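Colleague: Mind looking over this structure? Questions follow.
The values are calculated or read from the model by the stated rules, or taken from the named source; none is laboratory data. Every value quoted in this text rests on a predicted model; they were computed, and no experiment measured them. All Cβ positions, glycine included, derive from the backbone under ideal geometry; neighbour counts span all protein chains shown.
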Amino acid sequence: MMVKLNLTVVCCVLLLLFLPGRASAIVGGTQVSLEDAFSRHLVGIINPATDGVCTGVLIAPDVALTAAHCFDASRTPSDFVVVFGRDLIPGRGGVALDVAAIRIPPAYDPEQNRSNSSFDLALVRLSGPAPLGYVPAAIASEPDHFIDGKANYIAAGYGVSTYQGNDPGVLRKLEVAPSKLLAKGKLIELHDLRAGPCSGDSGSPLFRVALSDGKARYAVIGIQSQAVQRAEGGKFNHKICEDIGLYTSLAPYRGWIEENILFRDAP
């Protein structure tokens with residue numbers, strides 16, 4: 001989901017001038033620290049005119065992957081900036097870049113997406129490479145998209161800390177037990193009655209974590225689409241962030257991502 005953030009952009013320097021209150025993110029999450037290596041993959045995607053905030057994940061030095069519905073109000077690249085930093089509050093070291101181009105699957109439809117989270121992915125081309133210290137995340141290989149009871153999973157984003165909150169802007173994480181994840185075709189469901197993604201976490205990644213040579217390696221298996229509550233008859237109610245987080249599984253869309261990652265302009 002997208003959430004509002006008070007933000008002003010000054011000239012081409014793109015300085016973050018105002019953000020209300022102390023920010024936090026992800027319901028039930030904890031603040032990301034310097035030791036959390038996955039933070040070098042994460043970006044904030046902001047529309048200053050509408051105060052909209054989404055989260056994205058770098059998959060190339062100048063390309064971020066996020067949710068298509070972040071651009072339902074506008075697909076004009078110049079309406080957005082991409083912000084780098086664990087904390088988007090002014091004066092805390094954030095760096096921002098212009099958006100050069102946006103690409104969304106042709107089959108994506110906003111109305112259909114609201115009912116079944118379909119094709120909810122977007123590629124964002126930056127005006128230049130990410131700042132020093134930021135690197136692309138890997139997209140999980142096909143076998144790693146299956147939920148492994150012995151693997152570790154992490155969700156992270158810039159969203160609000162409580163439903164109906166207005167405090168986006170600080171990168172937080174949620175360590176997810178495999179038992180709380182359910183892969184269902186094009187979606188991955190995160191089931192937790194006390195925690196989950198919320199407004200501002202749209203487009204945020206769900207990582208599968210593996211150890212290699214004693215270091216954690218993070219591979220993206222899903223991109224956050226919606227937060228919903230299960231209702232009678234298997235239907236979803238919306239506007240709640242502590243029941244089911246819906247992630248678009250990247251497994252069915254690997255081909256589209258690979259075919260379009262070098263894009264320069266909208267089709």
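Colleague: Note down all Cβ pairs under 9 Å where the first residue falls in segment 237-250 and is farther than 18 Å from Lys186 by Cβ, the second is modelled with pLDDT of 85 or more, and they're at least six residues apart or on different chains.
Modeller: That search, which allows pairs on different chains as well, returns His238/Gln226; Cys241/Asp201; Asp243/His191.
Colleague: So, in segment 26-70, exactly how many residues are of a type in the set (Gly, Ala, Ser) and either buried (at least 24 other Cβ atoms within 10 Å of the Cβ) or within 28 Å of Ala266 (Cβ to Cβ) (or both)?
Modeller: Residues flagged as of a type in the set (Gly, Ala, Ser) and either buried (at least 24 other Cβ atoms within 10 Å of the Cβ) or within 28 Å of Ala266 (Cβ to Cβ) (or both) within segment 26-70 amount to 9.
Colleague: Would you please name the residue that is nearest to the chain's Cα centre (by Cα), looking only at residues in segment 55-83 that are among the hydrophobic types (A, V, I, L, M, F, W, C) and farther than 20 Å from Pro129 by Cα?
Modeller: Ala67
Colleague: What are the residue pairs meeting all of these: first residue in segment 203-225, first residue within 26 Å of Ser118 (Cα to Cα), second residue charged (D, E, K, R), Cβ atoms under 7 Å, and 6 or more apart or on different chains?
Modeller: Close Cβ pairs satisfying both conditions: Arg208/Asp144; Ala219/Asp144; Ala219/Arg208; Ile221/Asp144; Ile221/Arg208; Gln224/Asp201; Ser225/Asp120.
Colleague: Pull up segment 101-129, narrow it to residues that are of a type in the set (Lys, Arg) and at pLDDT 95 or above, then point me to the one that is nearest to Phe71 (Cα to Cα).
Modeller: Arg103
Colleague: Something else now. Please give the number of the condition Ile223 fails out of (1) surrounded by fewer than 22 Cβ atoms within 10 Å (Cβ to Cβ); (2) modelled with pLDDT of 85 or more.
Modeller: Every condition holds for Ile223 apart from (1).
Colleague: Does any residue in segment 181-202 that is under 19 Å from Ala156 (Cβ atoms) come within less than 6 Å, Cβ to Cβ, of a residue that is at pLDDT 85 or above and in a loop (DSSP other than H, G, I, E, B) six or more places away or on a different chain, and which pairs are these?
Modeller: Leu181/Ile147; Gly200/Tyr158; Ser202/Ala67
Colleague: Just the residues that are part of a strand (DSSP E or B), modelled with pLDDT under 95 and not aliphatic (A, V, I, L, M), please, taken from segment 62-96.
Modeller: Phe84, Asp87
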